[in-house]
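The values are calculated or read from the model by the stated rules, or taken from the named source; none is laboratory data. Just so it is clear, the model here is predicted, and its values are computed rather than measured. Cβ placement follows ideal geometry from the backbone for every residue including glycine, while neighbour counts extend to all protein chains displayed. All accessible areas refer to the heavy atoms of the entire protein, side chains included, with ligands and DNA or RNA removed. Shrake-Rupley method; radii C 1.70, N 1.55, O 1.52, S 1.80 Å.
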Amino acid sequence: MSGFSAFRLLREALRGQSGWGPQWRSPEQPQPAYDVVIIGGGGHGLATAYYLAKEHRVGRIAVLEKGWIGGGNTGRNTTIIRSNYLFPESAALYDHAVQLWEGLSQELNYNVMFSPRGVLMLAHNVHDEQSFRRHVHANRLAGVDNEWLDAEACRAFCPPLDIAQQRYPVLGGALQRRGGVARHDAVAWGYARAASALGVDIIQNCEVTGISRGADGAVNSLATTKGEIRVGKVGVVAAGSTSLVMAMAGVRMPLESFPLQALVSEPVKPVFPCVVMSNTVHAYISQSDKGELVIGAGTDQYPSYSQAGGVQILSHTLEAICELFPMFRRMRMLRSWGGIVDTTSDRSPIIGLTPVPGLFVNCGWGTGGFKATPGSGHVFAATIARAEPHPIAAPFSLDRFATGRLIDEAAAAAVAH
Ligand SMILES: Cc1cc2nc3c(=O)[nH]c(=O)nc-3n(C[C@H](O)[C@H](O)[C@H](O)COP(=O)(O)OP(=O)(O)OC[C@H]3O[C@@H](n4cnc5c(N)ncnc54)[C@H](O)[C@@H]3O)c2cc1C
């Protein structure tokens, strides 16, 4: 820290931080009309607005958020980032995101704390091992890093892991060293600040309650809790509520929504050097920079819009964590929470055009969309601006559920991240 900034920090501390203005503009009222409106102020929506303003120079852009920005899944997730999905289409999409993550703090001039500490996915049975080995080969062919570690190498990479316990035997694991974590709030705030600086209006506490279409069938206005807004194009990026929002325009989505839970422990000194996921057992874990263990569970068995998931899901996950990492048995949990995730039948997202002219959708990221945030926003912005799918987004169109050309990532993403 330079002498100047240290002095300023001290001065602001003594003055109650009165000299620091808001990081982004947040007008109370929207303008009467926009060229593009993004519904949903999560990371994906804010990133879309940022790239629309920066790379496509679209005129007037607004992000409408029914609560506060980042208050949805963006602020509730366990922040695992990786790109070792099976099919080339998915690897291209998620690796586009990882490449953007690698320079995101510089791009936004905001420290998103991207930490590529390696993501290890454990294999507990022969099926897991065969599947992960197949992923490793497919990823390498696609130019994406992924490697197979035997059990002993897994333990060496993650010393707290008990590979000798009998309940969840560790046969080995797939490791993506470029994978890791980032600070979720900072991602929302960084994109918000950068988008706002480019003129994007970020309107919080503004729920979209209706979508109207003109005589030509194209979307032309939105009803909101802050009045009616005329629009040129609309991008729906409303994870957890996509089916509800799209129904306002008469579009039925091939989605099911489930609660997904996570929890954090009391903080301890740095003891856990990486990210470990167990898709089979439904448990994953990393340690935050504050020292808390960040632990994620699987989805509830039943679709629901409740953010309070089942207690049995959490207890199953904690039992598994204690088996795999016995040193954590005496840790106390601080808090748990849930989010609502929209899932598709092939566990891949939907990005693209809809049957309604001027209406675009980005959804279906299920349990694993945080990792895609920069890439998703980047390709969705291009899709909206050009009114045709970005080449990376093209395979993820809504009409694949009619044509049957699904991208089945169940093995990579079923209950995992
Ligand atoms: C517990 C949990 C753990 C997870 N762990 C991981 C992980 O480790 N790695 C990973 O990659 N992914 C993970 N995910 C998934 C990830 O969080 C999401 O896929 C991703 O954050 C979605 O981002 P988003 O910007 O699309 O959605 P959100 O951040 O949910 O943003 C959507 C916004 O739309 C708003 N909205 C909805 N309806 C309206 C309306 N009518 N009008 C205005 N605004 C509206 C909502 O308020 C919300 O803020 C996890 C999710 C959960 C819940």
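The angle between the Cα long axis of helix 373-386 and the main principal axis of the chain comes to about 30°, on a 0 to 90 degree scale. For Ile211, the amide hydrogen comes within under 5 Å of the amide hydrogens of Ala223, counting only partners 5 or more places away or on other chains and with H modelled in the peptide plane.
Here is the list for the stretch 296-362: trypsin sites (Lys or Arg not before Pro) lying in DSSP coil, each with at most 11 other C-beta atoms within 10 angstrom of its C-beta, are Arg329, Arg330, Arg332.
Could you work out the relative contact order of the chain? I mean the mean sequence separation of Cα pairs under 8 Å and 6+ apart, divided by the number of residues, in percent. Mind showing how you got there, number by number?
Details: 974 pairs, mean separation 92.3, N = 417.
About 22 percent, as a whole number.
Relative to the longest principal axis of the Cα atoms of the chain, the long axis of helix 184-197 lies at roughly 30 degrees. Report, to the nearest 10°, how far helix 126-141 tilts away from the longest principal axis of the Cα atoms in the chain, using its own Cα long axis and a range of 0 to 90°. Value to nearest ten degrees: 50.
Met327 sits with roughly 100 Å² accessible to a 1.4 Å probe, with DNA, RNA and ligands left out of the calculation.
Placing R0 at 22 angstrom, the Cβ-Cβ distance between Ser345 and Gln301 gives a FRET efficiency of 0.85 after rounding to 0.05. Under the simplified labelling scheme, the Asp399-Val311 pair shows an inter-label distance of 5.0 nm, with each label point 7 Å from Cα along Cα→Cβ. Summing +1 for each Lys or Arg and -1 for each Asp or Glu among the other residues whose beta-carbon sits under 13 angstrom from that of Ala394 gives 0. Each 20 Å bin from zero holds the following percent of Cα-Cα pairs in the chain: 27, 56, 17, 0.
Net charge within 15 Å of Val356 by Cβ-Cβ distance, Lys/Arg positive one each and Asp/Glu negative one each, not counting Val356 itself? Don't skip to the end; give the middle numbers.
Details: positive: Arg213, Lys233, Arg252; negative: Asp216, Asp399.
Here the count lands on +1.
Couplings 3J(HN,Hα) for the stretch 264-271, derived from phi with the Karplus relation 6.51 cos²θ - 1.76 cosθ + 1.60 (θ = phi - 60°), are 10, 8, 4, x, 9, 4, x, 10 Hz, where x marks Gly and Pro. Taking amide H positions as modeled 1.01 Å from N, with prolines and chain starts lacking one, the residues under 5 Å from Ser257 and 5 or more places away or on another chain are Ser304, Thr343.
Would you work out if the stretch 282-417 is rounded, prolate or oblate? Take a ≥ b ≥ c from the square roots of the eigenvalues of the alpha-carbon gyration tensor; rounded if a/c is under 1.5, else prolate when a/b is larger than b/c, oblate otherwise. Cα axes put the stretch 282-417 in the prolate bin.
Report the calculated FRET efficiency for Glu319 and Arg252 (r = Cβ-Cβ distance, R0 = 35 Å), to the nearest 0.05.
Numbers: r = 39 Å, r/R0 = 1.11.
After rounding, the FRET efficiency stands at 0.35.
Full extension of the chain segment joining Gln29 with Glu266 gains 81.3 nm, where the gain is 0.36 nm per residue of separation less the Cα-Cα distance.
Suppose the chain between Gln165 and Asn109 were pulled fully straight at 0.36 nm per residue; how much longer would it get relative to their current alpha carbon spacing?
That pair, Gln165 and Asn109, stretches by 15.6 nm at full extension.
Counting pairs of alpha carbon atoms under 8 Å apart in space and at least six apart in sequence, what relative contact order in percent does the stretch 1-148 give? Numbers along the way, then the final one.
On the way: 115 pairs, mean separation 24.9, N = 148.
About 17 percent, as a whole number.
3J(HN,Hα) couplings calculated from phi for the stretch 231-247 with the Karplus curve 6.51 cos²θ - 1.76 cosθ + 1.60 (θ = phi - 60°) are, in sequence order, 9, x, 10, 10, x, 8, 9, 10, 2, x, 10, 4, 4, 5, 5, 5, 4 Hz; Gly and Pro show x.
Decide, for the stretch 122-171, between rounded, prolate and oblate: order the square roots of the alpha carbon gyration tensor eigenvalues as a ≥ b ≥ c, take rounded if a/c falls under 1.5, and otherwise choose prolate if a/b is larger than b/c, else oblate. It is oblate, given that a/c is not under 1.5 and a/b is not larger than b/c. One Cα centroid belongs to the stretch 88-108, the other to the stretch 201-221; the line between them spans 30 Å. Placing +1 on the Cβ of every Lys and Arg and -1 on the Cβ of every Asp and Glu, with no other charges, gives the chain a dipole of roughly 860 debye about its Cα centre. Counting Lys and Arg as +1 and Asp and Glu as -1 over every other residue whose Cβ lies under 15 Å from the Cβ of His282, the net charge comes to -2.
Assuming a ≥ b ≥ c are the square roots of the Cα gyration tensor eigenvalues, decide whether the stretch 1-113 counts as rounded (a/c under 1.5), prolate (otherwise, with a/b larger than b/c) or oblate. Please report the intermediate quantities before stating the final value.
Numbers: a/c = 2.06, a/b = 1.29, b/c = 1.60.
Taking the square roots of the gyration eigenvalues as a ≥ b ≥ c, the stretch 1-113 is oblate.
When the chain is treated as a GNM with alpha-carbon contacts under 10 Å, the residue of Gly339, Gly240, Gly71 showing the greatest mean-square fluctuation is Gly71. Per-residue 3J(HN,Hα) values for the stretch 311-320, derived from phi via the Karplus relation 6.51 cos²θ - 1.76 cosθ + 1.60 with θ = phi - 60°, read 5, 5, 5, 5, 5, 4, 5, 5, 4, 5 Hz in sequence order (x marks Gly and Pro).
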